[in-house]
Amino acid sequence: MDREETSARIAALIAPFNKKEVAITDRTRFTDDLEFDSLTVMDFVAAIEDEFDIIISMNQQAEIENYGQLVDAVVKLRG
Amino acid sequence: MLSDNMTVSHTDLFSKFDPLIEMRRNLLDSGVEDPFGLVMERVLSPTVAMCNGRETILLGTYNYMGMTFDPDVIAAGKQALDDFGSGTTGSRVLNGTYAGHRAVEQALCEFYAMDHAMVFSTGYQANLGIISTIAGKGDYIVLDIDSHASIWDGCKMGDAEVVPFKHNDIEAMEKRLRRIPDGAGKLVVLEGVYSMLGDIAPLKDMIAVARKYGAMVLVDEAHSMGFIGPNGRGVAEDQGCLDQVDFVIGTFSKSVGTVGGFCVSNHPKFEIMRLVCRPYVFTASLPPSVVATARTSIRKLMHAGAKRAHLWENSKTLHKGLKDAGFQLGTDSPQSAIIAVIMPDLERGAAMWEALLHEGLYVNLARPPATPANMTLLRCSLCAEHSAAQVQQIIGMFTRAGKAVGILG
């Protein structure tokens, strides 16, 4: 699966968590721009993990600050 | 030159705490008594203390079995002070293991019917030490999102991959276990009783799943020891799956009535932990009086069936009384000795806490981020030494305070 398709699937998953309907770009930050709190992060990460059948450990999550980094991480984890 | 540095702009490392300082100031400016600055001037019994000159019923101490004033426990502590002095001044692996440390570990082995017991200086250190040591680089820790701070800190201190799952959600746990790469070591970390809401875990089902995926299992039974299970061994014993648990973590600072932490296990290589577990090695051991009181208390808890029954009665009575009064509680039915009363927000939670204190009742105020789902809670922990009359008195105090603060209609 290429980056574009992965990004499209993640974009669909992010919608229910994007309460303020912030326009999503690779630079959109989860904490600062989307204002995700820890509970939202948990639910959102679980949705992504289920969609792609992967694990994003908390150690890996710590390295992911923006949308682009998340897409790259998922592409990499999918192998 | 040192003086050159004087011109460099200075970042106050404390500025990161500004939001909390602000929140605290707002709360105290409203005139409410500081919920995190209470001083107990005198302690009269496991259930009564003097606070601000007022006789106060204690309903937030985790002193579940009321062992803190047990005459045998106190006598053992005094004797140990006379015989062994006030402290060991040393690590367990150097000069800090006295006969009493061995004796309390023996008492734990007998209490849990397990082969090995290792005593730490606090319960926090027991989780910190065991979790950070056994799960290393390339291993995976799968844990409940509502785990205690000491579990999270143990994860953070180690090098394992940390994978949380939704509270008590067996399916969410299984999905994560299934996705762990082949060959990686796996540790599942669960608690018997979750102390914020006082709910228990479906350990039997969760542990069966963990086992299916070849994970080792650690269960923190801090809030169930002495009380839950036929022999007071905890929720795993109660659900008949203690033999499937690799490591039980516990504490002396709740039912046992002193301070200290421990891990018990049947793992054949467990004793090596004493050499490799840094929070065990690089700290001073417990004072002789503490291990003597702990040992005496643990041995008495083996035969405390009547007290356990009375504590269950207290828990059921308080749960029903508060529910009938109209309070929103953390669990639909009483599952442990903790009853959590859910407050609408921090302001009214703090006001309610203060109103209860003025009534002569102490409970724990718990607020985010320690609480699940950002709730403000008044946590009540019952004691086997609370009389039936005290429990009725407590329900009356809650009802009056709830009306005064406007939480009850």
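Residue selection: residue A:41 satisfies the criterion of being at pLDDT below 95, within 26 Å of residue B:155 (Cβ to Cβ), within 10 Å of the chain's Cα centre (by Cα) and not aromatic (Phe, Trp, Tyr).
Considering the stretch A:50-59, and only residues there that are under 12 Å from the mean Cα position of the chain (by Cα) and crowded, with 18+ Cβ neighbours inside 10 Å, the residue that is nearest to residue B:135 (Cα to Cα) turns out to be A:56. Set side by side, the residues B:86, B:15, B:9 differ, and just one is loosely packed, with under 14 Cβ neighbours inside 10 Å, in contact (Cβ under 8 Å) with a residue 24 or more places away in the chain and of a type in the set (Ser, Thr, Tyr), which is B:86.
Evaluating residue B:122 against the criteria (1) within 11 Å of another protein chain (Cβ to nearest Cβ); (2) touching a residue at least 12 places away in the same chain (Cβ under 8 Å); (3) surrounded by fewer than 22 Cβ atoms within 10 Å (Cβ to Cβ) leaves one unmet condition, (1).
Screening B:254, B:269 for residues that are surrounded by fewer than 23 Cβ atoms within 10 Å (Cβ to Cβ) and of a type in the set (D, E, K, R) leaves exactly one candidate, B:269.
The criterion of at least 2 residues that are in contact (Cβ under 8 Å) with a residue 60 or more places away in the chain and away from every other protein chain (no Cβ under 14 Å) is met, among helices (runs of 4 or more DSSP H) falling completely within chain A, by A:3-14, A:67-78. Scanning the stretch B:151-192 for residues that are free of Cβ contacts under 8 Å to residues at least 60 places away in the same chain and either within 11 Å of chain A (Cβ to nearest Cβ) or of a type in the set (Ser, Thr, Tyr) (or both) yields a total of 23.
Mind checking whether some residue in the stretch B:188-210 is of a type in the set (D, E, K, R), assigned to a strand (DSSP E or B) and in contact with a Gly (Cβ under 7 Å, 6 or more places away or on another chain)?
Yes, because at least one residue in the stretch B:188-210 is of a type in the set (D, E, K, R), assigned to a strand (DSSP E or B) and in contact with a Gly (Cβ under 7 Å, 6 or more places away or on another chain).
Given the conditions (1) crowded, with 16+ Cβ neighbours inside 10 Å; (2) closer than 29 Å to residue B:65 by Cα, and given that residue B:205 satisfies all but one, which numbered condition is not satisfied? It is condition (1) that residue B:205 fails.
Scanning the stretch B:18-44 for residues being surrounded by 13 or more Cβ atoms within 10 Å (Cβ to Cβ) and in contact with an Asp or Glu (Cβ under 9 Å, 6 or more places away or on another chain) gives a total of 7. Of the residues making up the stretch B:137-158, just one is in contact with a helix residue (DSSP H, G or I) (Cβ under 9 Å, 6 or more places away or on another chain), farther than 20 Å from residue B:206 by Cβ and assigned to a loop (DSSP other than H, G, I, E, B), namely B:158.
Here's the yes/no breakdown for (1) in contact with a Phe, Trp or Tyr (Cβ under 7 Å, 6 or more places away or on another chain); (2) polar (S, T, N, Q); (3) assigned to a helix (DSSP H, G or I):
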| site | (1), (2), (3) |
| --- | --- |
| B:222 | no, no, no |
| B:228 | no, no, no |
| B:231 | no, yes, no |
| B:237 | no, no, yes |
| B:248 | yes, no, no |
| B:254 | yes, no, no |
| B:258 | yes, yes, no |
| B:268 | no, no, no |
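The values are calculated or read from the model by the stated rules, or taken from the named source; none is laboratory data. Given the structure is predicted, the values throughout are model-derived calculations rather than measurements. Reconstructed Cβ throughout: ideal geometry from the backbone, glycine too, with neighbour counts over all protein chains shown.
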